[in-house]
């Protein structure tokens, strides 16, 4: 169960990281006068967009597993066992 949750968190982290990196590169592009640097930076943005798209796909896949009926049943069983053991 932990691995499933880790997969969800990792894919969200990758998505967020690429979003932040794109914002930083786009900010650089806006302030730069160097055409070679701008062209290279635009290529970086394209790569980051592909990475973000892939991370989004990974998230959908991992969340589908995480939120499945079977997984939710396992979580509930774990918590019931834990709380019943607290009495």
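Quick notes
- Residues located in the range 61-76, provided they are in a helix (DSSP H, G or I) and surrounded by 11 or more Cβ atoms within 10 Å (Cβ to Cβ): 61, 62, 63, 64, 65, 66, 71, 72, 74, 75
- From the list 48, 53, the lone residue that is surrounded by 11 or more Cβ atoms within 10 Å (Cβ to Cβ), in contact (Cβ under 8 Å) with a residue 24 or more places away in the chain and farther than 19 Å from residue 2 by Cβ is 48.
- On inspection, residue 73 fails the criterion of being over 15 Å from residue 18 (Cβ atoms) and under 19 Å from the mean Cα position of the chain (by Cα).
- Answer residue from the range 1-39, given it is touching a residue at least 60 places away in the same chain (Cβ under 8 Å) and in a helix (DSSP H, G or I) and is surrounded by the fewest Cβ atoms within 10 Å (Cβ to Cβ) among those: 5
- Hits in the range 14-57 - residues which are within 30 Å of residue 76 (Cβ to Cβ) and either out of contact with any helix residue (DSSP H, G or I) (no Cβ under 8 Å at 6 or more places or on another chain) or at pLDDT below 95 (or both): 16, 57
The values are calculated or read from the model by the stated rules, or taken from the named source; none is laboratory data. What you see is a predicted model; the values in this text were computed from it and never measured. Cβ coordinates were reconstructed from backbone atoms using ideal geometry, including for glycine residues, and neighbour counts include every protein chain displayed.
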